[in-house]
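Visitor: Shown below is the structure under consideration.
The values are calculated or read from the model by the stated rules, or taken from the named source; none is laboratory data. This one's a predicted model, so the numbers in the text were calculated from it and none came from an experiment. Cβ coordinates were reconstructed from backbone atoms using ideal geometry, including for glycine residues, and neighbour counts include every protein chain displayed. Just so you know, the surface numbers come from the protein's heavy atoms only, side chains and all, with ligands and any DNA or RNA stripped out. Shrake-Rupley method; radii C 1.70, N 1.55, O 1.52, S 1.80 Å.
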Amino acid sequence: MPVAKMIHLTIDGKAIEVEEGTTILEAAEKAGIRIPTLCYHKKLLPFGACRICIVEVEQMKGRLIPSCSTPVTEGMVIDTHTEQVIKARKMNLELLLIHHPLDCPICDKAGECDLQNLVYEYSVDGNRFKDKKFAYQVDYVTPLVERNVNRCVLCGMCVRVCDEIVGVGEHSFINRGFRTKVSTDFDRPMDCEFCGQCINICPVGALNDRLFKFKSRVWNLTNVDTICSYCSTGCTLTLGIKNGKILRVRGDDEKGINKGDLCIKGRFGFQYVESPQRLSTPLVKKGDKLVEASWDEAIQTIAERFREIKEKQGSDAIGGICSARLTNEEVYLFQKFIRSVIGTNNVDHSGGYAHKGLEVMGRSLGYLASTNSLSDIRNADTIFLVRSNLSETHPVVGMRVNMAVKRNEAKLIVASPRNIKFRRFASAFLSHKAGTEVALINGMIAVILKEGLADREYLSSHVDGLEELEKSVANCTPEWVEKVTGIKQDLLIKAARTFAAGKKAVIVISAGLGLPVGDEKIVQAALNLALITGHLGKEGTGVAVLGEKSNSQGAIDMGALPAFLPGHQNLLDPAIRGKFEKAWGVTLSPGAGLSALEMLQEGRLNALYLAGENPLVAYPGQSQTKKALEGLEFLVVQDLFLTPTAKLAHVVLPALSFAEKDGTYTNSERRVQRITKALPGPGTAKSDLEIIQRVSEKMGFSLPGLRDIWKEIIELVPIYQCIDYPQPGDTGTQWPCNLESQQGTQRLYEQGFPKGKVRLTPVAYENEVEADGSNYPFILLTDSAQFHSGTLSSQSFALNQVCPEGYVEINGKDAAGKGLKDNDDVVVKSRHGQVRAKVKVSRKQPEGVIFIPYHFDNLPVNALTDWAMKYVRVNVERC
């Protein structure tokens, strides 16, 4: 890399050396010199609106200039606190106060208001300028956000964060002169992603968190840093606690990989923690009813029934499925209990399919994990989104994509059957037919190979199997791809050339329970594309498979898989199995266990232990799942709520949420981070870890506690060796940890692949859509809704304000053809079942496709699906 030119200057008598292009404000911060600001934020581009950061430059003969937007020059001499500077700052504050209401006693921003602090700091105890205060109507209509533009100082930070980082542009300056204000188009209530970024960045009380309104003064809050319990991004949250309740959640600009950025779920979705519907005491089925019971009775019942079934039908008659929201320690203990105490490898998580893409990564490259860090997405010059609606599934990652495109002018290729948000920023939007991702990627590979755009040097040193791959894609011509996918030939060729031309290109794929079709093939095809272009093991490159839940990666790492022990270690290898047998003091079953969906096949098991999973709502094939659950001799469910699955259980155990226990999560970039207990749990609810321990002890097997579990993990799991137990608020460590430097690994395969050369694995396209298009003319897509994640978010009152129920999203032409309009009641039928819902007419859907989110008990979209793992066909009719 070229060496940056250094600039020498003096600030307040202190000699400083900084890189060319640095602003005066940045240079001062580097030197430890504070310059006050009101419209500046280091995440945003300089704006220079408030003029509070003005400084005096000797070479400019006393002229005052804004330090936030002025780059340094060689030999500059700057004074930041001369009499002239202070006088000008005080005057600017007076000007800001002309129309600003002095309602600090009732403003929620009091105590952390930048304007209030600056007025105090500069002793502005009067105002020489007089005018009437503004009297704009306060917006009490917008959900979650209160807008009081009377307090606005026109810093523009809400406008800029919404555009530069979130990529929505909901806020804007309207009117001119003294009538200028920040608002929405036509001054309507906000209708956006409700991420709350504008609240977090507002320096005054113009934008407020409605959940926090009049709840507490900020200085009375106890702030606790922890990790978000929703998606796998791993954002750091700061919980504001008072009297044992979460009153607000904020992001800290100095902490975590998110650096203060949050989405609606992270900022407002916490209310499920204190829901009155939380389970607070164990329930045991007596007759046909679940009744309250003591912990001793519940644990005794579980131990006796498991022991009885194990003795009569054998260990393999029992299975366990856990949630990827459990902590690393809990998942480790759960699989250890199933394997050591029960004596079977029937253990899995996330339906047994949401992690299949990462298993492909392990088979092909070496590790069951994404290859790169999330920062590589931000630093890439080419980004390829495949089946990845980031603004809805992983919004903070989506913000990094938006910044890469807008700040770095990165090329964005979007492949989606829906008209998602990122199509607006795409250099190439590939609107393909549902289930044709593999054909699309194979077509891109064929173009790249035909036109000689592959990285031959990288291929010769790192890759085998090119000839076989070339043969497999020989017929994937642009003409064939257009016929299969619907993508125009010239657009496919443009996308292929754009990706191949990138110096730093990354592929992003989303996974989850709402996306049950095609993970293995899509990921393998994406790996082939990355390998032939040399986009692995380098900065800004890689293939990122983003899990749905907060510990999707950790659940894999901790061995909640039927064929892998913790650390992705092969269960079938006698030496590896022997290592665990020696450490655990047991003999392990030598064969691979059943996957989650295999366990749910009718008659495969006699007993099932579910820890945090709700398969009756979240897994495909509801009728099949229900029949299997009802046919079990014994079903144990531990969860936060009495879910539809829990209602079928023989014993229900109340568990603690992420805010009520300690532990660690591992996010999608392999970063191990700490979650922190901030609250007591409801009633007698216990952590999943303690519940597993108590059941195990009752069955005569003692399991370790939290810190001893971590010691066991770092002893038995090579990829976690040398990782110290993280502290609250730390950014954590990315596995594997270098034994010499004791540092984590930012991206995998920089030094090559563990297996030597990687073999390209051809993937043939197969039709992923059910037949019978005459009776069922629409293809059904499922995934996450923008304001929800899994089934847990449906228990949040705040999120339900914005999205209270499921819906059927349909294209306008299709709706007109059926005589439907918004909010009409319809019945959706497939060969497998039917559901009722309200219509939402949307431009997001192409013709012939409908979308239903999978989160809601009252709209069980899985009643329309089965275990064939294909896109199902449906019909939509007015009720």
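Visitor: Can you compute the FRET efficiency between Glu750 and Lys471 using 1/(1 + (r/R0)^6), with r the Cβ-Cβ distance and R0 = 41 Å? Round to the nearest 0.05. Mind dumping the intermediate values first?
Guide: On the way: r = 31 Å, r/R0 = 0.75.
Working from the Cβ atoms, E equals 0.85.
Visitor: Taking 0.36 nm per intervening residue step and subtracting the Cα-Cα distance, what contour gain separates Lys488 from Thr82 on full extension?
Guide: 139.8 nm
Visitor: Over the Cα atoms of region 178-249, what radius of gyration and what Dmax do you get, in Å?
Guide: Looking at region 178-249, its Cα Rg and Dmax stand at 15.1, 45 Å.
Visitor: What FRET efficiency comes out for Asp253 versus Glu847 if R0 is 45 angstrom and r is the Cβ-Cβ distance? Round to the nearest 0.05. Before the final figure, lay out the partial values.
Guide: Details: r = 44 Å, r/R0 = 0.98.
Computed FRET efficiency for Asp253 and Glu847 comes out at 0.55.
Visitor: Using the scaling law 2.2 N^0.38 Å as the reference, what is the normalised Cα Rg of region 204-286?
Guide: Values: Rg = 14.9 Å, N = 83, 2.2 N^0.38 = 11.8 Å.
Here the Cα radius of gyration is 1.27 times the empirical estimate.
Visitor: OK, next. Name the residue from Ala628, Ile556, Phe425 whose Cα lies farthest towards the positive end of the charge dipole of the chain, charges +1 on Cβ of Lys and Arg and -1 on Cβ of Asp and Glu.
Guide: In the chain, that residue is Phe425.
Visitor: Need the full-extension length gain, Glu17 to Asn775, defined as separation in residues times 0.36 nm minus the C-alpha distance. One decimal, nm.
Guide: Numbers: separation 758, 0.36 × 758 = 272.88 nm, distance 7.27 nm.
Roughly 265.6 nm would be gained on extension.
Visitor: Of Val141, Leu221, Gln300, which is farthest towards the positive pole of the chain's charge dipole, taken about the Cα centre with +1 and -1 on the beta-carbons of Lys, Arg and Asp, Glu respectively?
Guide: Going by the Cα projections, it comes out as Val141.
Visitor: Another one. If you wrap a convex hull around the Cα atoms of region 783-834, how much volume per residue is inside, in Å³?
Guide: Residue-normalised Cα hull volume stands at 118 Å³.
Visitor: Let me ask something else about it. Would you mind computing, in nm to one decimal, how far apart the modelled labels at Lys213 and Ala575 are, each placed 7 Å from Cα along Cα→Cβ?
Guide: 6.5
Visitor: List the residues, sorted by chain then number, that are 5 or more residues from Phe564 or on another chain and whose placed amide H is less than 5 Å from its amide H.
Guide: Residues meeting the criterion, in which the H sits 1.01 Å from N, are Leu571.
Visitor: Please report Rg over Rh for region 263-377, where both radii come from the alpha carbon positions and Rh follows the Kirkwood definition.
Guide: Details: Rg = 19.1 Å, Rh = 18.0 Å.
Ratio value, two decimals: 1.07.
Visitor: On to the next question. Using the alpha carbons of the chain, what is the convex hull volume per residue in cubic angstrom, as a whole number? Don't skip to the answer; put the middle values down first.
Guide: On the way: hull volume 156.0 nm³, N = 879.
Each residue corresponds to 177 Å³ of Cα convex hull volume.
Visitor: Heavy atoms only, 1.4 Å probe, whole protein assembly: order Asp772, Asp857 by accessible area, highest first.
Guide: Accessible-area ranking of Asp772, Asp857, largest first: Asp857, Asp772.
Visitor: Suppose all protein chains stay in the model; what accessible area per residue would a 1.4 Å probe give for the chain, in Å²? Please list the in-between numbers first.
Guide: Numbers: 33380 Å² over 879 residues.
In whole numbers, the chain has 38 Å² accessible per residue.
Visitor: Follow-up question, since we're still on this one. Please report the spacing between the Cα centers of region 432-451 and region 139-190 in Å, no decimals.
Guide: 42
Visitor: Also, quick follow-up: Non-local amide H neighbours of Val543 (under 5 Å, H modeled in plane, Pro and chain starts lacking H): which ones?
Guide: For Val543, the qualifying residues are Thr371, Asn372, Ile507.
Visitor: Next question. Would you kindly state how much longer the chain becomes between Lys30 and Thr10 on full extension, computed as 0.36 nm times their sequence separation minus their alpha carbon distance, in nm to one decimal?
Guide: So the chain would gain 6.0 nm between Lys30 and Thr10.
Visitor: Report Rg/Rh for region 736-879, rounded to two decimals, where Rg is the Cα radius of gyration and Rh the Kirkwood radius. Walk me through the numbers before you get to the answer.
Guide: Values: Rg = 21.1 Å, Rh = 18.0 Å.
Value, to two decimals: 1.17.
Visitor: For the chain, find the longest principal axis of its Cα atoms and tell me its angle to the long axis of helix 706-716, 0 to 90°, nearest 10.
Guide: The angle comes out near 70 degrees.
Visitor: Any idea what the dipole of region 116-199 comes to, in debye rounded to 20, about its Cα centre with Lys/Arg Cβ at +1 and Asp/Glu Cβ at -1? Each step should come with its number before you reach the end.
Guide: Working: 11 positive and 12 negative charges, 119 e Å.
About 580 debye.
Visitor: Using a 1.4 angstrom probe on the protein heavy atoms only, line up Trp735, Trp295 by accessible area, largest first. Can you show the working numbers first?
Guide: On the way: Trp735 0, Trp295 25 Å².
Greatest to least solvent exposure: Trp295, Trp735.
Visitor: Please report, in debye to the nearest 20, how large the charge dipole of region 330-398 is about its Cα centre when each Lys and Arg carries +1 at its beta carbon and each Asp and Glu carries -1 there. Please report the intermediate quantities before stating the final value.
Guide: Details: 6 positive and 6 negative charges, 45 e Å.
The dipole of region 330-398 has a size of about 220 debye.
Visitor: Give the accessible area for Cys195 in Å² (nearest 10); use a 1.4 Å probe, count only protein heavy atoms, and leave out ligands, DNA and RNA.
Guide: Here the accessible area works out near 20 Å².
Visitor: Could I ask something else about it? Between Asn223 and Ser461, how many nm apart are label points set 7 Å from Cα along the C-beta direction?
Guide: Label at Asn223, label at Ser461, 4.6 nm between them.
Visitor: Below 21 Å, Cα to Cα, which lysines can Lys285 reach? Residues fewer than 8 away in the same chain don't count.
Guide: Lys310, Lys626, Lys627, Lys647, Lys686, Lys698
Visitor: Give the calculated FRET efficiency between Ser702 and Glu311 to the nearest 0.05, with a Förster radius of 30 Å applied to their Cβ-Cβ distance. Walk me through the numbers on the way to the answer.
Guide: Working: r = 21 Å, r/R0 = 0.69.
With a Förster radius of 30 Å, E is 0.90.
Visitor: Also, I was wondering about something else. Measure nothing but the geometry: give the 0 to 90° angle between the long axis through the Cα atoms of 356-365 and the longest principal axis through the Cα atoms of the chain, rounded to 10°.
Guide: Between the helix axis and the principal axis of the chain, the angle is about 90 degrees.
Visitor: Right, another one. Just to confirm the number: angle between the C-alpha axis of helix 519-532 and the first principal axis of the chain, 0 to 90 degrees, nearest 10?
Guide: 60
Visitor: Taking the Cα centre of region 729-879 as origin, sum charge times position over the Cβ atoms of Lys and Arg (+1) and Asp and Glu (-1), and report the length of that vector in debye to the nearest 20.
Guide: Using Cβ point charges on Lys, Arg, Asp and Glu, region 729-879 gives about 300 debye.
Visitor: With the dipole of the chain worked out from charges on the C-beta (+1 for Lys and Arg, -1 for Asp and Glu) around the Cα centre, which of Ala317, Gly48, Phe778 lies farthest toward the positive end?
Guide: Gly48
Visitor: Also, quick follow-up: Can you list the HN-Hα couplings for region 79-96, worked out from phi with the Karplus curve (6.51, -1.76, 1.60; θ = phi - 60°), rounded to whole Hz and with x for Gly and Pro?
Guide: Couplings: 10, 9, 9, 6, 4, 5, 5, 4, 4, 5, 5, 4, 5, 4, 5, 4, 5, 5 Hz.
Visitor: Follow-up question, since we're still on this one. State the Kirkwood hydrodynamic radius of region 680-814 in Å, one decimal place, computed from all pairs of distinct Cα atoms. Write out the running numbers ahead of the final one.
Guide: Details: mean 1/r = 0.0458 Å⁻¹.
About 21.8 Å for region 680-814.
Visitor: Once label points are set 7 Å from the Cα along Cα→Cβ at both Asp185 and Cys879, what is their separation, rounded to one decimal in nm?
Guide: Label at Asp185, label at Cys879, 3.3 nm between them.
Visitor: Next question, about the same structure. Please list, in order, the residues from region 115-139 whose amide nitrogen is less than 18 Å from a point placed 7 Å along the Cα→Cβ vector of Glu94.
Guide: Counting backbone N atoms under 18 Å from the label point, the list is 116, 118-133.
Visitor: Let me ask something additional. Which ³J(HN,Hα) values, rounded to whole Hz and listed in residue order, are derived for region 333-339 from phi using the Karplus coefficients 6.51, -1.76 and 1.60 in 6.51 cos²θ - 1.76 cosθ + 1.60 with θ = phi - 60°, glycine and proline given as x?
Guide: 5, 4, 5, 5, 4, 4, 7
Visitor: Quick one: Karplus J couplings for region 421-430, per residue in order, coefficients 6.51, -1.76, 1.60, θ = phi - 60°, nearest Hz, x for Gly and Pro?
Guide: Working through the residues one at a time gives 3, 6, 4, 5, 9, 7, 6, 9, 9, 9 Hz.
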